[in-house]
Amino acid sequence: MEEFYMMWLSRCPYIGYKRICKLMDHFHSAEAIWNATEADLQMVKGLREKDIDSILFSRDAEQLDIWIEELEEWGIQFYSYLHPAYPALLKEIYDPPVGLYVRGTLPEDDIDTVAIIGARNCTRYGLTAAYTISKDLGRTNVIVVSGMAKGIDGAAHKGILDAGGRTIAVLGCGLDICYPAEHKELMERIINNGCVISEFPPGTVAHPKHFPRRNRIISGLSKMVVVVEAGKKSGTLITADFALENGRDVFVVPGNVTSDLSEGTNNLIKQGCPIITEGNDILEELGIAYSNEEKDVFFKKIRKNLAPEQKAVYDVIPKQEPIFAEQICRILHKNIQDVQYILSMLEALGHIEKLPQSGYCKK
């Protein structure tokens, strides 16, 4: 029952994490706070009059029972920051959620978590990069964290799920709501192979003001954050800022310098954020190593999943002798813009490399 009293505290207006910590230090349990008199509450140092009023007027046993029934109906668990299942990494941030609503299974604290995030209105290049990098991680015990939004987030979740891995989606609404609605099937897959979480109670609709709070949880849950595509003023950059403020490393997938959707990511590179071009870069940063034989087998599998136009370009590129884009155009009878675009995508995904003044060859 203590967790339900903590859930009640988390829903009290004006009573945030810091004040709940003060209350818990004084009363030692949420149930004791529920039963405290006004005089008892006035003894807590730093508690304002409106905080005391909020606690007193929010006590409603009938309402608490309704909330508990809601959780049971939707298969939702509530974990306060005092619960053993609450992620240890998330406790380290400046303003952690008082509690988390969870559908699915939270991972153990010793499993590596990586956030892959980016623009909703992304390019095909961004979708491919997010999906492929996330899929790279599916053979490992690494868990991908994202926001289940359209675009990059959705591609990141799908990539690791398609490879048999686990993922966490952090929502900016209650867990009884699927946002966006078209991700209903994806949400079910995530619940069955990881979890969806939110600090917002059931019934809370998605709202723009919720997403910065959601973003701090995404970065707080992750050992490192990978940004795939982001405009100059993208909400994705808020997550990157939270990560840097909390001492987490931020990595960037380089983008097309002529695209507005790459302006934010390329600016992060200018600021010193390291570049990621394949899942193996992430594994190396996490200290996870594989033999060359294992890497060869794995990347052969990944290349089988290239789109037909990517595979056509990839197949004409030699392993050792470099080839120029113009030569590829002549062989495939394609225009230079299409070939350059595919080459940049293959390079970003780590399948080929560009040699200075010598053309392209397989990596």
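Of the numbered criteria (1) free of Cβ contacts under 8 Å to residues at least 40 places away in the same chain; (2) closer than 29 Å to His207 by Cβ, the one Gly138 fails is (2).
Test of understanding: among Tyr86, Tyr17, which residue is under 30 Å from Ala130 (Cβ atoms), of a type in the set (Phe, Trp, Tyr) and outside the structural domain of Leu171 (by TED's automatic domain parsing)?
The match here is Tyr86.
Applying the set (1) crowded, with 20+ Cβ neighbours inside 10 Å; (2) of a type in the set (D, E, K, R); (3) out of contact with any Phe, Trp or Tyr (no Cβ under 6 Å at 6 or more places or on another chain) to Lys45 leaves exactly one unmet item: (1).
Conditions tested, residue by residue: (1) surrounded by fewer than 17 Cβ atoms within 10 Å (Cβ to Cβ); (2) touching a helix residue (DSSP H, G or I) at 6+ places or on another chain (Cβ under 8 Å).
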{"residue": "Gly194", "(1), (2)": "no, no"}
{"residue": "Gly203", "(1), (2)": "yes, yes"}
{"residue": "Glu229", "(1), (2)": "no, yes"}
{"residue": "Ser262", "(1), (2)": "no, no"}
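Just one residue in the set Tyr81, Tyr94 is under 23 Å from Gly172 (Cα atoms), surrounded by 16 or more Cβ atoms within 10 Å (Cβ to Cβ) and aromatic (Phe, Trp, Tyr); that residue is Tyr81.
Taken together, the criteria place Ser219 among residues that are small (Gly, Ala, Ser) and either modelled with pLDDT under 95 or under 12 Å from the mean Cα position of the chain (by Cα) (or both).
The values are calculated or read from the model by the stated rules, or taken from the named source; none is laboratory data. Remember, predicted model here, so these are calculated numbers, not experimental data. FYI the Cβ positions are ideal-geometry reconstructions off the backbone, even for glycines, and counts take in every protein chain you see.
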